[in-house]
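Input: a single structure, listed below in structure tokens.
The values are calculated or read from the model by the stated rules, or taken from the named source; none is laboratory data. Not measured: the values here are computed from a predicted model. Note that we place each Cβ from the backbone using ideal geometry, even for glycine, and neighbour counts take in every protein chain shown. For the accessible areas, the whole protein counts, side chains as well, though only heavy atoms, and no ligand, DNA or RNA atoms are used. Shrake-Rupley method; radii C 1.70, N 1.55, O 1.52, S 1.80 Å.
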Number of protein chains: 2
Amino acid sequence: MTSPAKFKKDKEIIAEYDTQVKEIRAQLVEQLKCLDQQCELRVQLLQDLQDFFRKKAEIEMDYSRNLEKLAERFLAKTRSTKDQQFKKDQNVLSPVNCWNLLLNQVKRESRDHTTLSDIYLNNIIPRFVQVSEDSGRLFKKSKEVGLQLQEDLMKVLNELYTVMKTYHMYNADSISAQSKLKEAEKQEEKQIGKSVKQEDKQTPRSPDSTSNVKFEEKHVRRSSVKKIEKMKEKRQAKYTENRLKAIKARNEYLLALEATNASVFKYYIHDLSDLIDQCCDLGYHASLNRALRTFLSAELNLEQSKHEGLDAIENAVENLDANSDKQRLMEMYNNVFCPPMKFEFQPHMGDMESQLCAQQPVQSELVQRCQQLQSRLSTLKIENEEVKKTMEATLQTIQDIVTIEDFDVSDCFQYSNSMESVKSTVSETFMSKPSIAKRRANQQETEQFYFTVRNPECQGKLQKN
Amino acid sequence: MTSPAKFKKDKEIIAEYDTQVKEIRAQLVEQLKCLDQQCELRVQLLQDLQDFFRKKAEIEMDYSRNLEKLAERFLAKTRSTKDQQFKKDQNVLSPVNCWNLLLNQVKRESRDHTTLSDIYLNNIIPRFVQVSEDSGRLFKKSKEVGLQLQEDLMKVLNELYTVMKTYHMYNADSISAQSKLKEAEKQEEKQIGKSVKQEDKQTPRSPDSTSNVKFEEKHVRRSSVKKIEKMKEKRQAKYTENRLKAIKARNEYLLALEATNASVFKYYIHDLSDLIDQCCDLGYHASLNRALRTFLSAELNLEQSKHEGLDAIENAVENLDANSDKQRLMEMYNNVFCPPMKFEFQPHMGDMESQLCAQQPVQSELVQRCQQLQSRLSTLKIENEEVKKTMEATLQTIQDIVTIEDFDVSDCFQYSNSMESVKSTVSETFMSKPSIAKRRANQQETEQFYFTVRNPECQGKLQKN
């Protein structure tokens, strides 16, 4: 037999079980707390999203109004121009076209940001309100389901406790019955052993002298043995009965153990997961997805609209052309720029001769004059070629200066990680470069030179200014 | 000879020429006025552009500040959360990730609009200032050149006037000399005719009786003829001289006419064009182009930056996933969700048997119980299959409702031509559709059904609520 130290006492087993169940109960409470917390966070997040979009709708509306005002300020100005035909005429000039498109773009952006604001207020925020309502309702239901599941689980654990205690009781009864039976067996053994000894002792004596005493003794002994046997039988029956009860109780305990473990497993592995699914999903993620996709759709449409406008401006900028503007201007003011009629020869008093007279005696003089002019012309031609070359080179220099591709501001949008450095980055891009001042000086010098070369007769006058 | 009506009088010719020159002079004045006006319009346009971008820079800065405030309001809230670890934990959940990216996007847009504002103020506006300066300077120079060219042209016209008048004068002299010469010739003819008559008359007389008288008469007549001849010679010489002068004057006039027409042509066709070139171009269009391209570059960079942010949000929205959130939640609260230890068989008082005892006499009872359980199990299995099918179908219905693709708001950005209709278009998109209310009712009904099917034990309880 095992020593008492080798197996746990009933109290210990019960205490251990109690601890285990208490721990589970604490976990169950924490689980619902955790879901509560998740639900609160979700409600808070949805509230934040609503507040965020409400505030952003205000900002977009503000921005839209300011843009509208900006566009109107300048559009009103052109509208108030008395001479509408004049205004219309100017529109054909490429810089004016760019300006009009710029104002159109501002109006377009104003309109788009109003739309954005409207979508925030009348589409996105209501979605979050719905998600919030749905989440709250679902959470309430899920919590009820969860409590019910936990109640069921606790019922199973209580049942296990009961069957375990029953097993203990019946097993104790069985052990007690067994020990009583064993006691009876010992007594019987002892009684049988006594009879055998006495019979052995009596063997040297004469059988007759003590036969009467022997008979009496025998009778007493025999009834005692019978009594013991009867008791043993009784105890055997009791033990068998208790043993069966204990086995049944153990079986019940083992079956309940399996069932409990299965229930615990089902709760922790399936029910909890389903519970979180019900809390977390059933539309929460999908609805949030749709709300945010609405936001993305609005933003991307705004972007596309803005981009279309910028494309139109880019196209107009590409069509900034001095030559066609000159043509348009001259067509617009045709009466001012059209050349006058040729001066015709007016014969005096019916002078019939309207051709150059190149006969003697003026011939030789004309020939001489012609020769002089031709010689002067060839000198001028050479000079002119020189001037032309210089002018073209100078003009090219100016063109190079004014068409330098210095308009890419991508760098300004490449922020370093620190937000602080934004301002300094930007201000460096255009104005603070020392090369700009140098370039400007160079441009003006070249321009001056160009004018001097082109209009030498103005040289004196220009230099005076 | 032609009649006086057939050729213009000197006065008429001069008057016509005066009119023609006056018209040209008026055109020249108009031309400079027109350039003045163009210059003024340009200065005005450049001033408008500066004002426009200055005001827009303010608007962008305002917008940026509002966005910054918006982001900070919510970021400060998360920062103030005491439990930083808790906050960090929540970030792994996909809706929280979306929310963080949304706030990041607002911060990014705020930064970008500050940059935009800065580029307007420190790059684009200075460019317009420069263009304005350059234009002003160039216009001043061009105007001087223009005035000089016009002065030169007027000089040529005045010269033509002079040579024309000279031609008239010499031609008049020549005509007068010619008529005087013709008069002398007539007198000479008359004188010669008289002599011949007298000689014819004297023929019947004796040649001697009147010879003395005849001699005297002859002498007088001869001297008269000589006188006339001398006068004629003188007049002939005068006429020849005047005729030559007139021819030369006419030649000068014809040459001046050619030169004047060439000058007028040159001025109207080349000089005016060059003048407008100098006013209109020499960098105006090119510099305007660069300024506007800077604007476009800034806007496109802003757009790109915004788009990158939206891509990140879109990615996060795609990753909105209930299942992985559940996993993360369970990992985060591992101690709350981890299943407890299995309940082990606790042998009572060293009970050696820890297995189900299935021998007689409990065997038959166990077998009977097992059979009952198996029959119950197969009933449950069938029921369960039914429930599962219903649940899956219900869940699918809910999924269909919550994943309907109703987030495209492109329509809102397709404005009709009238700006007024914007608001009504937008408000129709989401909330005012009657189908939404119907869909919501349907969703809640299905959800209720799902809960009832899933957790029939809760049915009674749930229906009470």
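What do you reckon, is B:Glu12 free of Cβ contacts under 8 Å to residues at least 12 places away in the same chain and either surrounded by 12 or more Cβ atoms within 10 Å (Cβ to Cβ) or over 30 Å from B:Ser263 (Cα atoms) (or both)?
In short, no.
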Original post:
Within the stretch A:318-325, can one find any residue that is touching a residue at least 12 places away in the same chain (Cβ under 8 Å), within 25 Å of the chain's Cα centre (by Cα) and in a helix (DSSP H, G or I)?
Top reply: no
Original post:
If you go through the stretch B:242-256 one residue at a time, do you hit one that is in a helix (DSSP H, G or I), under 29 Å from B:Val131 (Cβ atoms) and open to solvent by less than 10 Å² (accessible area, probe 1.4 Å)?
Top reply: no
Subject >> Single residue of the stretch A:67-94 satisfying the filter (open to solvent by less than 40 Å² (accessible area, probe 1.4 Å) and among the polar types (S, T, N, Q)) that is modelled with the highest pLDDT >> reply: A:Ser94
Original post:
Can you pull out the residues in the stretch B:326-365 that are among the aliphatic types (A, V, I, L, M) and not in a helix (DSSP H, G or I)?
Top reply: B:Met341, B:Met352, B:Leu356, B:Ala358, B:Val362
Subject >> Single residue of B:Gln44, B:Gln38 found to be in contact (Cβ under 8 Å) with a residue 40 or more places away in the chain and in a helix (DSSP H, G or I) >> reply: B:Gln38
Subject >> Selected residue (criterion: nearest to A:Asn289 (Cα to Cα)) from residues of the stretch B:306-317 that are at the interface with chain A (Cβ under 8 Å from one of its Cβ atoms) and open to solvent by 10 Å² or more (accessible area, probe 1.4 Å) >> reply: B:Glu314
Original post:
Can you pull out the residues in the stretch B:50-66 that are facing another protein chain (nearest Cβ under 7 Å) and either open to solvent by less than 20 Å² (accessible area, probe 1.4 Å) or of a type in the set (Phe, Trp, Tyr) (or both)?
Top reply: B:Phe52, B:Lys56, B:Ile59, B:Tyr63
Original post:
Only one of (1) open to solvent by less than 50 Å² (accessible area, probe 1.4 Å); (2) modelled with pLDDT of 90 or more; (3) within 27 Å of A:Lys33 (Cβ to Cβ); (4) facing chain B (nearest Cβ under 10 Å) fails for A:Lys141. Which number is that?
Top reply: (2)
Original post:
Of these, A:Ala316, A:Ala298, which one is among the small types (Gly, Ala, Ser) and within 30 Å of B:Arg42 (Cβ to Cβ)?
Top reply: A:Ala316
**OP:** Could you tell me whether the stretch A:103-121 includes any residue that is farther than 24 Å from A:His307 by Cα, in contact with a Ser or Thr (Cβ under 7 Å, 6 or more places away or on another chain) and open to solvent by 10 Å² or more (accessible area, probe 1.4 Å)?
**Re:** no
**OP:** Scan B:Leu320, B:Leu275 and give me the residue that is over 27 Å from B:Val92 (Cβ atoms) and open to solvent by less than 50 Å² (accessible area, probe 1.4 Å).
**Re:** B:Leu275
**OP:** For B:Leu254, indicate whether it is in contact (Cβ under 8 Å) with a residue 12 or more places away in the chain and more than 28 Å from A:Val317 (Cα to Cα).
**Re:** no
Original post:
Can you name the condition, by its number, that B:Asn171 falls short on among (1) within 11 Å of chain A (Cβ to nearest Cβ); (2) in contact (Cβ under 8 Å) with a residue 24 or more places away in the chain; (3) open to solvent by 80 Å² or more (accessible area, probe 1.4 Å); (4) not hydrophobic (A, V, I, L, M, F, W, C)?
Top reply: (3)
Original post:
Within the stretch A:120-127, is there a residue that is farther than 30 Å from A:Phe295 by Cβ and outside any loop (DSSP other than H, G, I, E, B)?
Top reply: no
Subject >> Only listed residue being assigned to a helix (DSSP H, G or I), among the aliphatic types (A, V, I, L, M) and over 30 Å from the mean Cα position of the chain (by Cα), chosen from B:Leu181, B:Leu138 >> reply: B:Leu181
Subject >> Hits in the stretch A:157-168 (condition: of a type in the set (A, V, I, L, M, F, W, C) and either more than 10 Å from chain B (Cβ to nearest Cβ) or touching a Lys or Arg at 6+ places or on another chain (Cβ under 9 Å) (or both)) >> reply: A:Leu157, A:Val163
Original post:
Within the stretch A:370-410, can you find the residues that are within 11 Å of chain B (Cβ to nearest Cβ), loosely packed, with under 14 Cβ neighbours inside 10 Å and modelled with pLDDT of 85 or more?
Top reply: A:Cys370, A:Leu373, A:Ser410
